[in-house]
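*Asks:* Before I ask anything, let me first share the structure, which is written out below as C-alpha cells.
The values are calculated or read from the model by the stated rules, or taken from the named source; none is laboratory data. Keep in mind that what you see is a predicted model, and the values were worked out from it rather than measured. Because the Cβ atoms are built from the backbone with ideal geometry, glycine has one as well, and the counts that use them run over all protein chains shown. Accessible surface is based on the protein model in full, side chains and every heavy atom, while ligands, DNA and RNA are left aside. Shrake-Rupley method; radii C 1.70, N 1.55, O 1.52, S 1.80 Å.
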Amino acid sequence: MNIHEFQARELLAEHGVPLPPGGMCASAEDAGALAQQLLDSGETLLVLKAQIHAGGRGKGTFTDGYPGGVKLLRTAPEIRTAAAAMLGNTLVTKQTGPEGRRVNRVLVAGAPNIQKELYLAVLLDRSLARPVVMASTAGGMDIEEVAAKTPEKIVRQPVDPLLGLQPYEARDLAIALGFTGGLIHQAAGLLMAVYRAWWESDASLIEINPLCVVKTREGKEALLAVDAKISIDDNSLFRHPRIQAMRDLAEESPLEVEASSFALNYIKLDGNIACLVNGAGLAMATMDIIQHYGGVPANFLDVGGGASEEQVAGAFKIIMKDPNVKAILVNIFGGIMDCDVIARGIVQAVKETGLKLPLVVRLEGNNVESGRATLAASRLTITTGESMADAAQKVVRTVTAHP
Amino acid sequence: MSILVQPDTKILVQGITGSFGGRHARLSLEYGTQVVAGVTPGKGGQLFDQRVPIFDSVAQAVRDTGATASAVFVPPAFAADAILEGVAAGLDLVVCITEGIPVRDMIRVKAAMRESRTRLIGPNCPGIVTPGEGRTSQGGCRIGIAPGYIHRKGHVGVVSRSGTLTYEAVWQLTCRGVGQSTCIGIGGDPVHGTTHLDAIRLFMEDPDTHGIIMIGEIGGSAEEEAAAWIRQHGTKPVAGFVAGATAPPGRRMGHAGAIVSGGKGTAAAKIEAFRQAGIAVAPTPSDMADTLLKRM
C-alpha cells in the first residue's frame, strides 16, 4: 500500500528523522495560513506540493493547463493562489497515465537552502532475505538511472534483521557517502532513524530523494529529508490500524477497489480480452498465452486457488464494467474444487448479468465431464476450450473476427 | 526414490482444527499420507476425525508420534511462530501453506533458521507431493493443498512458485502417461524457504528423477540464480516456463513476490537466463510437458 508524502513525513518524524517544517492542507485558505505561520517562524522560501501517489509532480501539468505540481514561492498569498489552482484540479505526470490524478491535498513546507543532494532508501534484498540500506551521492536523480550509469556512486549495507542497523554500520555508510566531522554522526543518526521507521512500520520501501545537506539560518550544515516516499507491506496492515487508515481509495482504480471487496485480485490493463482465472501464476500465464496468440489481455484476475461460486459471480460483474472488453476467457484448474460447481457458478453469473459477449471456458480437473455437460446443457453460447492453448486461440479468434 | 518426503514420511498438521487445515488433513489421509498428529494449542488430548491425536505443542507431537514433517495452516498473524515452533522441535521439514504472512515476520524466521537443520517450504505455497503407487497415485505423501489425484508415480521433478501452474504442469505430464518423482510449490512470497535452486539441486542428486520442469514468474532473481547453477552443474534435461511476460511493471500480480520493480525481475530476463543455461523454454504454459519430453 502506498501512502502520501505528508503521511510518510508523519511516520518519519515519529522516528526522529529531521524534516523541513510543514504540513498538509486540504484548502487554499489553510495553505495560505500555514504559509504565513512558516514565514513568521523564520522560513524565507516555501514549497507547495500536490499530494498524489505518483512521481514526476514537478514536471507534470494539470489538465486545465496549469503547469507543475511543485512550486517554490515566497509569500502566503502566492501559496494560497497556487494551492487554489491545484486543489480539485487533475495532475498528469509521466507516472499517472493520461487520465492523471485529482489533487485533494497539498503539502506546504519550508524550502531549505540546499548545499548537496543525496539519495537514501531502505528496502528488502530478496536474494539475501534481509533489509538493505542503499544510498547514493547522486541525489535528486532516478536511482535506476544512477545504478545503470554510475553504479560506483551507490553504497549498500545489508542489515542483520535480528540485530538491526548497527551504529558502526551507519557510520561506515556515512563515511562512504563522503561525510566528514560532525556530519558523520548526524548522518548515522538519520540512517538509523530511517531504518527503524522501515522496520517498525512494516514498510516494503522507504525512499528519501533527495536527502539534503542544508545550510541553516545560523550558517551551520545539517541534514534534512526533503522528499519521502513510503510503501507498506499489505500483509502487515492487520497490525497497523493507524497506517491502514492512511489508505486513500481515491488513488486506486475504482474497479480494483471493488474487486478487493470480493477478495479478488484484479488489475485492469489496456486490452480487450478479459480473463478470469484461479491462481496468480495461472492468471499471469493466461494473459501471456492470450498475447502469444495475438490478443491483448484486458486484465489480470485471480479468483484464488479455491475459486468459489460467489467469487466467480463477483468476477464476472467486475469484468463487465470494463467497457473495452470484447470477449472473456475463463481458465479454471479445479484441483480440489468440483468443476461442476464452477460450471454452475459460470452459468448462474452469465444469466444474472445478461452477458452478451463471447465467452470461452476452459475447465480442467476434478469432475470436469459434469462441468462441461453443465455448460453444454445451459443453452448459453459458451465455447469450450480443450486446453489452455485451444481456449486462448478460440477467444483471440472471436475478437479478431468481430473487431 | 524422490526428494524430501517419501510415502512413509510421518507428518503432523499445525492448525488441524481450523476448517482449511482440517479439510486438507482429511484429503491427505484419504490420499494415504501418514498424518500422525495434529497440533492446536489448548486442544491437546482430543482426536481429529476420531483417529488423529491432537497435541498442544509440536514438541509433544514429535515426541509421541515420531513425526518428522509438518504442514502449517495457521493464520498469518501466528504463522511465523508456528514455523519457529516446528524448527525448535527439530523437524526435518516444515511446509507453510499460509498466505498473507508479513514480510518482516519471514525475514526474522529466515534469519532465525540460519543455523537450523530444518528445511522450510513456503509460505504461500501449495506444498509438496511425492506420488504413491496407487491408481491415481494414492499412497503417496501429500503435504499441503495440491490435488493428489492429478499425480502419477514416475521420474519427472516439478518445482514452481505458483500452485495452479504446478497442477497444470503435473496434469499435462500425467495425461501424457508421464509420472513425477516429487512436485514442489515453493510459494509466491518474496521471502520464502526452499528456493528454485535448492529444489533443482535435490532433483539433480536424486537418481529417480530423470527430468525437471521449473516454473518461474516475474519478480526477484531466484530463477536466474537456479539457471546459473544449471549452466555449470546441470546433468539432466530441464524445461522451463516463466509467467508474467505481459504483466505491467510496478504492479503486484496476485503473489506478493510477483512484481517487476526498478526494471528487475522481468520475464524476459529470466527466459534469457534459462536459454543461456540450456533450459528448454516452453513457448506457452500449454507446452510445459511437451517441451520437457522432447528433451528426454
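*Asks:* Please find the FRET efficiency linking B:Asp290 to A:Ala176, where r is the Cβ-Cβ separation and R0 is fixed at 56 Å, and quote it to the nearest 0.05.
*Replies:* With R0 = 56 Å, the Cβ-Cβ based efficiency is 0.60.
*Asks:* Report in % the part of the accessible area of chain B that belongs to carbon and sulfur, leaving out ligands and nucleic acids; probe 1.4 Å.
*Replies:* Carbon and sulfur atoms account for 50 percent of the accessible area of chain B.
*Asks:* Using the heavy atoms of the protein chains and a 1.4 angstrom probe, tell me the accessible area per residue for chain B in square angstrom.
*Replies:* 35 Å²
*Asks:* Evaluate E = 1/(1 + (r/R0)^6) for B:Glu225 and A:Phe238, where r is the Cβ-Cβ distance and R0 equals 35 Å; express this FRET efficiency to the nearest 0.05.
*Replies:* Plugging the Cβ-Cβ distance into 1/(1 + (r/R0)^6) gives 0.65.
*Asks:* Sticking with this one: How large is the helix-only mean residue ellipticity at 222 nm for chain A, computed as the sum of -39500 (n - 2.57) over DSSP H runs with n ≥ 4, divided by its residue count, in deg cm²/dmol to the nearest 500?
*Replies:* -11000 deg cm²/dmol
*Asks:* For region A:184-298, report the accessible area per residue in Å² (1.4 Å probe, heavy atoms, rounded to an integer).
*Replies:* Value for region A:184-298: 38 Å² per residue.
*Asks:* State, to one decimal in nm, how far the label point of B:Arg51 lies from the label point of A:Asp390, with both points 7 Å from Cα in the Cβ direction.
*Replies:* Once both label points are built, they end up 3.8 nm from each other.
*Asks:* Give me the percent of DSSP beta bridges within the protein assembly as shown that run antiparallel, rounded to the nearest 5.
*Replies:* The antiparallel proportion sits near 55 percent.
*Asks:* Report the Cα centroid-to-centroid distance between region B:244-296 and region A:217-282 in angstrom, as an integer.
*Replies:* Going from one Cα centre to the other spans 25 Å.
*Asks:* Another question, if that's okay. Just need the Rg to Rh number for chain B, please, alpha carbons only, Kirkwood Rh.
*Replies:* 0.96
*Asks:* How many Å³ per residue does the convex hull of the Cα positions in region A:59-110 occupy?
*Replies:* Taking only Cα atoms, region A:59-110 has a hull volume of 78 Å³ per residue.
*Asks:* Using just the C-alpha positions of region A:1-145 as equal point scatterers, what log10 of I(q)/I(0) does the Debye formula give at each q in 0.12, 0.17 1/Å?
*Replies:* -0.55, -1.04
*Asks:* Per DSSP H run of at least 4 residues, take -39500 (n - 2.57); add these up for chain B, divide by its residues and hand me the 222 nm value, nearest 500 deg cm²/dmol.
*Replies:* So the calculated ellipticity at 222 nm is -10000 deg cm²/dmol.
*Asks:* Once you wrap a convex hull around the alpha carbon atoms of region B:1-42, what is its projected area averaged over all directions, in nm²?
*Replies:* The Cα convex hull of region B:1-42, projected and averaged over all directions, gives 3.2 nm².
*Asks:* Another question, if that's okay. Per-residue mean of other chain beta-carbon atoms within 10 angstrom of the beta-carbon, peptide A:296-303?
*Replies:* 2
*Asks:* Now for a different question. Go through B:104-112, A:87-95 and give me the packing order, highest mean Cβ count within 10 Å leading.
*Replies:* B:104-112, A:87-95
*Asks:* Cα centroid distance between region A:299-378 and region B:19-49, in Å?
*Replies:* 32 Å
*Asks:* Continuing with the same structure: Which value in Å is the Kirkwood Rh of region A:189-334 over different Cα pairs?
*Replies:* Every distinct Cα pair counted, the radius reaches 18.2 Å.
*Asks:* A:Asp64 versus A:Glu152, label points 7 Å from Cα toward the beta carbon: distance in nm?
*Replies:* 5.1 nm
*Asks:* For region B:1-148, what's the radius of gyration and Dmax over Cα atoms, in angstrom?
*Replies:* Looking at region B:1-148, its Cα Rg and Dmax stand at 14.0, 43 Å.
*Asks:* Let me ask something additional. At q = 0.16 Å⁻¹, what is the base-10 log of I(q)/I(0) for region A:270-389 according to the Debye formula with one equal point scatterer per Cα and no solvent? Please give it to two decimals.
*Replies:* -0.66
*Asks:* Now for a different question. May I ask for the equivalent-ellipsoid semi-axes of region B:1-88, computed as the square root of five times each C-alpha gyration tensor eigenvalue and listed largest first in whole Å?
*Replies:* 18, 15, 13
*Asks:* As a test, work out the antiparallel percent of DSSP beta bridges whose residues both lie in chain A, rounded to the nearest 5.
*Replies:* About 75 percent, rounded to the nearest 5.
*Asks:* Same structure again: Going by average Cβ density within 10 Å per residue, which order do the peptides A:16-28, A:43-55 take, highest to lowest?
*Replies:* A:43-55, A:16-28
*Asks:* Let me ask another. Based on C-alpha coordinates, I'd like the Rg and Dmax of chain A, in Å.
*Replies:* 25.9, 83
*Asks:* Now, a different point. Please arrange B:Asp92, A:Asp340 by accessible surface area, largest first, computed with a 1.4 Å probe and ligands excluded.
*Replies:* The residues order as B:Asp92, A:Asp340, largest area first.
*Asks:* Which three numbers, in whole Å and largest first, are the semi-axes of the equivalent ellipsoid of the protein assembly as shown derived from its Cα gyration tensor as √(5λ)?
*Replies:* 46, 31, 23
*Asks:* Quick check: convex hull over the Cα atoms of region A:289-336, volume per residue in Å³, rounded to an integer?
*Replies:* Hull volume over Cα atoms, normalised by residue count, gives 79 Å³.
*Asks:* Could you tell me the relative contact order of chain A? Use alpha-carbon pairs under 8 Å, at least six residues apart, and round to a whole percent.
*Replies:* Once divided by the residue count of chain A, the mean separation gives 12 percent.
*Asks:* Okay, which of region A:46-76 sit inside 16 Å, backbone N to the point 7 Å along the Cα-Cβ direction of A:Glu145?
*Replies:* From region A:46-76, the list is A:55-60.
*Asks:* Sorted by mean Cβ packing within 10 Å, highest first, what order do the peptides A:199-206, A:74-81 take?
*Replies:* Result, highest mean Cβ count within 10 Å first: A:199-206, A:74-81.
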